[in-house]
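Note sheet for the following structure.
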Amino acid sequence: MRFVKFHGYGNDYIVCEAGELAGVSDVPEFVRRVCDRHYGVGGDGVATLEAAADTRAADFVLRIFNPDGSEAAMSGNGSRSAASFLYFQGLWASEELRLSTKAGVKLYRLLEQDARGRYRFAAEIGRPALDSASIPLLTGEARERVLDFPLKLGTGEVVRLTALQMCNPNACVFVDDFERADWRRVGRAIESHAQFPQRTNVEFVRVRDRETIEVRVYERGVGPTLSSGTGACAAAVASCLNGHTDRRVRVEMEGGRLEVEWRDDGEVLLTGEAEAVYRGEWLKGKG
């Protein structure tokens, strides 16, 4: 398998053309091996691309795999890394790019690029779904919005969260201090909670002002990550829904700053960068 390693704010992805995995008999197991940071390439996921059969709808088809082998509907940083791959490899040159994902077709607009393999995009990520059935979250009685929802953990403690579907299930917890909130432990408990039948990404959000939030991410199928594009979008929408911020915010994550705008038409616009790290070839076979 020939690939290029990219990262978006420390969220790193192994990106290749889909044909490179044509001989793989067990994709989830292969992804687990490739993403292993000690015995493999190491990454927060694998992204594959192939030209779309129907170019009226999209230019390329994108698939995103988590390091545990599961397939994600969408990843903000992963899809931005994949978009960067197409320009980096000379497979695409137009200013706009449409990627077909399991969460729908996403539009990317190239804003900047440089000779070192750094790319900056504004991307239309989609419209958030706010009702409990769409997330999905089991709340007993159906809810049109899930705000300040009390989720009981196995330890008996109750965490209050805002949940929404932002390409993936997301649960947002507002905190004053990340470490006192013990976000890694709590994030692990929420991510696989029985009331989230498809599991969930978990964002811990500290509001600094009406235009800036800080976020820590416990990602579904990954664990703690330095950054998450869809997580940033979910945190921004949740902050606005709860009246903490305006519709345009800076999202400070451990890996860097993303910009999110929840437009009046409901679309979420995510602006950020991805950077090529190195090219490589996997030599251990595909089976």
- [ ] Evaluate region 146-266: find the radius of gyration of its Cα atoms, find its Kirkwood radius, and give the ratio Rg to Rh.
- [x] 0.93
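If contacts are Cα pairs under 8 angstrom and at least 6 residues apart, what is the relative contact order of the chain in percent?
21 percent
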Open item on the list: Give the residue list of GluC sites (Glu not before Pro) in region 145-213 that are DSSP loop and have at most 11 other beta-carbon atoms within 10 angstrom.
Closed with: 157, 179, 211
Task: For 253, 166, 74, order by how many other beta-carbon atoms lie within 10 Å, fewest first - done: 74, 253, 166
Task: Cα radius of gyration and Dmax for the chain (Å) - done: 18.2, 54
TODO: Could you please rank 54, 59, 68, placing first whichever residue has the fewest other Cβ atoms within 10 Å of its Cβ?
DONE: 54, 68, 59
- [ ] Within region 1-89, list the trypsin sites (Lys or Arg not before Pro) lying in a DSSP loop whose Cβ has at most 14 other Cβ atoms in a 10 Å radius.
- [x] 37, 56
Open item on the list: Sorting check: for 98-104, 223-229, which peptide has the highest mean count of neighbouring beta carbons within 10 Å, and how do the rest follow?
Closed with: 223-229, 98-104
Open item on the list: Counting other beta carbons within 10 Å of each residue's own, what order do 283, 258 fall into, fewest first?
Closed with: 283, 258
Open item on the list: Test of the criteria: in region 106-211, which trypsin sites (Lys or Arg not before Pro) are in a DSSP loop and have at most 10 other Cβ atoms within 10 angstrom of their Cβ?
Closed with: 116, 180
Task: Of 136, 66, 83, farthest towards positive along the dipole that unit charges on Lys, Arg, Asp, Glu beta carbons give the chain - done: 66
- [ ] Could you tell me the distance between the Cα centroids of region 38-105 and region 199-273, to the nearest Å?
- [x] 21 Å
Task: Length added when fully stretched, residue 57-residue 18, from 0.36 nm per residue minus Cα-Cα - done: 12.1 nm
Task: Given charges at beta-carbon only (K, R positive; D, E negative), |dipole| of region 146-266 in Debye - done: 300 debye
Open item on the list: I need the calculated FRET efficiency for the pair residue 160 and residue 71, taking r as the beta carbon distance and R₀ as 30 Å, to the nearest 0.05.
Closed with: 0.50
Open item on the list: List the residues, sorted by chain then number, that are 5 or more residues from residue 146 or on another chain and whose placed amide H is less than 5 Å from its amide H.
Closed with: 163
Task: Per-peptide average of other Cβ atoms within 10 Å, ordering 236-246, 128-138 highest first - done: 236-246, 128-138
- [ ] Along Cα→Cβ, 7 Å out, is where each label goes; now give me the distance between the ones at residue 143 and residue 122 in nm to one decimal.
- [x] 3.4 nm
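A short reminder: the numbers here are calculations on the coordinates, not readings from a lab. All figures in this text were calculated on a predicted structure; none of them were measured in a lab. Neighbour counts are summed over all protein chains in view; Cβ atoms, including those assigned to glycine, are modelled from backbone coordinates with ideal geometry.
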